[in-house]
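A.B. asks: Next up is a structure, given as structure tokens.
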Amino acid sequence: QVKVKSASLETNVFFKQGKSVIERAQQPNVERVATFLKSHKEATVTIKGYASPEGSVEINKKLAAARANAVKDMLVKTYKISADRIQAEGQGIGDMFSEPDWNRVSVCYINTNEK
């Protein structure tokens, strides 16, 4: 009989308007993802980048992708997480939160099923 242990983590990394640089105050959120991935070797993460509604759709799509990739890059370069465990996607304008400022975010969804 095989027992499957399942675990998940969701965390947000917030960005300043028009920026895709991870501020020092947000780095612990990325570290939290890295720590989880290091302790769950089978886990993968999907990072979805969003932008607030200011600006054109095209600019916001690029910015959202840049934010997702900034989180991925930090996981790979700083925390030595294998890039093939990370999927980064730009989602464009976010509407997950009622406050527009909160939609400048990358959301990290991690799932794992370990035997």
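Taken together, the values in this text are just the output of simple stated rules run on the coordinates, not laboratory data. Bear in mind the structure is a predicted one, so any value in this text is a computation, not a measurement. Counting neighbours? That spans all protein chains shown, and the Cβs are built from the backbone with ideal geometry, glycine included.
A.B. asks: Between T112 and residues 5 or more places away or on another chain, which pairs have amide H atoms under 5 Å apart, with H built 1.01 Å from N, and which residues are they?
C.D. replies: A7
A.B. asks: Ok, one more. Long-range amide H contacts for I93: which residues qualify at under 5 Å (H placed 1.01 Å from N, peptide plane, sequence gap of 5 or more or a different chain)?
C.D. replies: Amide H neighbours of I93, under 5 Å, 5+ apart: A51.
A.B. asks: For all pairs of alpha-carbon atoms in the range 5-114, what percent lies in each bin of width 10 Å, listed from the first bin to the last filled one?
C.D. replies: Reading upward from the zero bin: 16, 49, 27, 7, 0.
A.B. asks: How charged is the neighbourhood of N12? Take every other residue with its Cβ under 12 Å from the Cβ of N12, and add Lys/Arg as +1 and Asp/Glu as -1.
C.D. replies: Net of charged neighbours comes to +3.
A.B. asks: Taking θ = phi - 60°, what integer Hz values does the Karplus form 6.51 cos²θ - 1.76 cosθ + 1.60 yield along the range 16-22, in sequence order, with x for Gly and Pro?
C.D. replies: Calculated HN-Hα couplings, in order: 6, 4, x, 10, 10, 8, 7 Hz.
A.B. asks: Name the long-range amide H neighbours of A88: under 5 Å, sequence gap of 5 or more, or other chain; modelled H, no Pro or chain starts.
C.D. replies: I47
A.B. asks: Around A70, with a cut-off of 11 angstrom between Cβ atoms, what is the net charge of the other residues, counting Lys and Arg +1 and Asp and Glu -1?
C.D. replies: Result for the local shell: +2.
A.B. asks: Over 19 Å between Cα atoms, which of K19/K80; K38/K62; K41/K62; K16/K38; K19/K62 qualify?
C.D. replies: Going by Cα-Cα distance, K19/K80; K38/K62; K41/K62; K16/K38 fall outside the 19 Å limit.
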